[in-house]
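To start, the structure under review is shown below, and the notes come after it.
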Amino acid sequence: MLFFEKNFKYKIMYNKILAISFLFILIFFSNFFSAKAQKKLEHKKKIYLREDGRMFINKDLPVYLWISTDKKENPKLLNSESTPEYANPMYFDTEGWNTVRSPSAVDKKTKTTVIPEQDIVFNIFADSEAPHINIDFGKSVTHKKDNVLYCGKNTEIKLIAKDSKKKVVKKDETSGVENIYISEEKKNFKIYENSIKVDHDEIEYFYKFYAVDNVGNVEITKTLKFILDISPPITKLNLQGDQKENIISGRTKIILRAEDKISGVKYIYYQIDDNKKKHFYRYPFNLEHLSEGNHKIKYYSIDNVENEEKIKIFNFFLDKSPPKTLDEVIGNKFFANGVGYSSGRTKFKINAVDNKAGLREIYYSLGGKEYQIYEKPFYLPTKSGNFNIKYYAVDFVNNSSRKSHENKNNDNSIISTNNRLTYVDLTGPKMKYSFEGAFFKTRDTIFISNKTMIKLNAIDKESGVQYITYGIDGEKHKNYNGKFHIESKGEGLHKVNYKGFDNVENSNTDDFFFVTDNTGPDVYERFSTLPIGKKTTETKSVDVYSDYVILFLSATDKSVGFSKIYYSINGAKEEIYKKYISEFKKGRDYIIEMRALDYLGNYSKIKSIEFSIENE
């Protein structure tokens, strides 16, 4: 068992070593063939005879001159007797135009020297300079950042080669470009025939290229590396501050953020509503200048290779209006001269509505204390006096009725127009009564007659008197509409209970007693002497008095006493009795009528007495 486990461990180790070795070999050969594929092709230096007969030679090549008398005869090598060390081979020293000369040209027909004399010149152009490739991006949009080249859509790159790096080259002094060779993504070099077009994968593209002229001069290998970016940026609109869904306030910050993972963002643009003017986005902005209502923001981005994002639209409602508030006094309430009066039983309710974003919270302050959140109607304080209630409402985008309605006093203190000056009235009216007409008071008892008017009164310096009710002798109360008198009630003791209500339904009650006296006094007469006889007729018999007799009048009232006594003699005008009656005439008959008035205006019944005065 132990032997098996040991061999098993060795076998696992052996397999691991074998796998690692195989991976190393694979990587090595991959790099080897890749490097081999990137090698330039073999290009020999040579002589190039152009179509027009001009000859170009690679300046690095040796030159041998051969002489022949016939195009077909084998040529003979020409040796230099004077400068053998510089000949066979010889080298051209001048870049470009070189010559082989023979002085004095001879006419081919006459075999005589051509006059004027002139040299025979054989032109040959030496070329040792390699071609130079320029990269032409044409209309392609490029951007370089951190030494990385980015290309946009419809990228087309042309390789244009010239057979000289010099800015000014004499005409036809170089052999011209034979070919451009290009290698794509480490593949073998091949002849460049068409422009490089890429418009598909967003990857890094890698090219190597060089040019060869017609005499075999080879350009140093150049590289082109770029990343294709054909995707537009992605812009997001964020809201900072007040918002509820697509409802914002004038204070809300509009933030535009764009991202482009390849070439990077160049510009962010935005437009407001249907305004054709485009704004270049630099930093967050708000929309306080807009009117309340529906609006839209169009926005998009452009990256550094002109990829343009499709326009996005953010539709929103700009809410600049605070909630509208309204207070309500639940229960006993009364308003006068801008002041609200309420009782201790009264609740204060605050209502608010918002046109768009919706009501978030209501705050209120009682008597200058800290603001607190309003949740439900609350009772007013149980202490009489003025009480100030401040309140405001806030919607879901933080529009506040407090801010919109606040005004500054001269001392910079702030007073909200959403104030309610409330007077808490906890006491009922003060009750009073009075009599109009005759009444009489003695000790604790008041006497009146059925003609005496009773007036009820109430005073409330706070919310004011609303109404008074009263009831007589336990009867059901009725509303007091003005002074009244007792007609249906009989004489005797009576009780009036009356109740006053103020404008917030506080009440006070009181009662008072009085005695009704509707009966006049009893009148009495008394003579100073007794009658001295009688006088009789067919119908009556009367007493006869001496002429010096004196008549006294008096009265008695059971309740309040009499006030005055009136009398009339033999139908004459009634007079007030002030002193005894005397000076009666002898032999005359007298009829005296008398009545008495008490202090309540009650008259007694008229009493009549008849008598005669003695004759002479």
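The values are calculated or read from the model by the stated rules, or taken from the named source; none is laboratory data. Everything numeric in this text was worked out from a predicted model, so none of it was measured. Neighbour counts run over all protein chains shown; Cβ positions are idealised from the backbone, glycine included.
Computed quantities for the displayed model
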read-out	value
Any pair with Cβ under 7 angstrom, 6 or more apart, that starts in the stretch 488-499 at a residue that is on the phi > 0 side of the Ramachandran plot and ends at one that is buried (at least 16 other Cβ atoms within 10 Å of the Cβ) and part of a strand (DSSP E or B)	GLY492/VAL515; GLY492/THR516
Condition met for SER563 (under 30 Å from THR442 (Cβ atoms), surrounded by fewer than 20 Cβ atoms within 10 Å (Cβ to Cβ) and in the same structural domain as ILE606 (by TED's automatic domain parsing))	yes
Extreme residue, modelled with the highest pLDDT, among residues of the stretch 351-377 that are farther than 27 Å from ASN246 by Cα and touching a Leu at 6+ places or on another chain (Cβ under 9 Å)	GLN372
Qualifying position, being out of contact with any strand residue (DSSP E or B) (no Cβ under 8 Å at 6 or more places or on another chain), surrounded by 13 or more Cβ atoms within 10 Å (Cβ to Cβ) and not charged (D, E, K, R), among ASN508, ASN503, ASN518	ASN518
Residue list for the stretch 566-594, filter: β-branched (Val, Ile, Thr) and within 25 Å of PHE447 (Cα to Cα)	ILE576
Residues being over 30 Å from GLY96 (Cβ atoms), part of a strand (DSSP E or B) and of a type outside the set (D, E, K, R) - total across the stretch 208-231	5
One residue from SER488, SER449, SER463 being under 30 Å from ASN332 (Cβ atoms) and either surrounded by 15 or more Cβ atoms within 10 Å (Cβ to Cβ) or not assigned by TED's automatic domain parsing to the domain that holds ALA336 (or both)	SER463
Count of residues meeting criterion [within 19 Å of VAL121 (Cα to Cα) and either in a loop (DSSP other than H, G, I, E, B) or touching a residue at least 40 places away in the same chain (Cβ under 8 Å) (or both)] in the stretch 60-70	4
Spans of strands (runs of 3 or more DSSP E) in the stretch 505-574 with at least 2 residues within 28 Å of GLU487 (Cβ to Cβ) and among the charged types (D, E, K, R)	507-516
Matching residues in the stretch 94-121 - criterion: being in contact (Cβ under 8 Å) with a residue 12 or more places away in the chain, assigned to a loop (DSSP other than H, G, I, E, B), out of contact with any Pro (no Cβ under 7 Å at 6 or more places or on another chain) and at negative phi	THR94, GLU95, PRO103, ALA105, GLU117, GLN118
Sole exception among (1) polar (S, T, N, Q); (2) under 30 Å from ILE454 (Cα atoms); (3) surrounded by 15 or more Cβ atoms within 10 Å (Cβ to Cβ) for THR556, by number	(3)
Yes/no for LEU530 being outside the structural domain of GLY474 (by TED's automatic domain parsing), loosely packed, with under 12 Cβ neighbours inside 10 Å and on the phi < 0 side of the Ramachandran plot	yes
Any hit, the stretch 111-126, residues being under 30 Å from GLY264 (Cα atoms) and not assigned by TED's automatic domain parsing to the domain that holds VAL265	no
Residue in the stretch 479-502 that is at pLDDT 90 or above, of a type in the set (Lys, Arg) and in a strand (DSSP E or B) present	yes
Residue within the stretch 337-348 that is buried (at least 20 other Cβ atoms within 10 Å of the Cβ), at pLDDT 90 or above and either out of contact with any Ser or Thr (no Cβ under 6 Å at 6 or more places or on another chain) or part of a strand (DSSP E or B) (or both) present	no
Filter result for the condition that a residue is buried (at least 17 other Cβ atoms within 10 Å of the Cβ) and in contact with a Lys or Arg (Cβ under 6 Å, 6 or more places away or on another chain), over TYR392, TYR379	TYR392
Residue within the stretch 333-351 that is farther than 30 Å from PHE501 by Cβ, in contact (Cβ under 8 Å) with a residue 12 or more places away in the chain and within 21 Å of the chain's Cα centre (by Cα) present	no
Where a residue in the stretch 540-564 is in contact (Cβ under 8 Å) with a residue 12 or more places away in the chain and its partner, wherever it lies, is of a type in the set (Val, Ile, Thr) and surrounded by fewer than 18 Cβ atoms within 10 Å (Cβ to Cβ), with Cβ under 6 Å and at least six apart	VAL544/ILE532; SER546/ILE532; VAL549/THR529; LYS564/ILE576
Filter pass, GLU193 being assigned to a strand (DSSP E or B) and more than 30 Å from ILE302 (Cβ to Cβ)	no
ASN457, sole failed condition from (1) surrounded by fewer than 21 Cβ atoms within 10 Å (Cβ to Cβ); (2) modelled with pLDDT under 90	(2)
Answer residue from the stretch 287-305, given it is in contact (Cβ under 8 Å) with a residue 40 or more places away in the chain and surrounded by 16 or more Cβ atoms within 10 Å (Cβ to Cβ) and is farthest from ASN398 (Cα to Cα) among those	VAL305
Breaking point among (1) out of contact with any Leu (no Cβ under 8 Å at 6 or more places or on another chain); (2) surrounded by 12 or more Cβ atoms within 10 Å (Cβ to Cβ), for ILE248	(1)
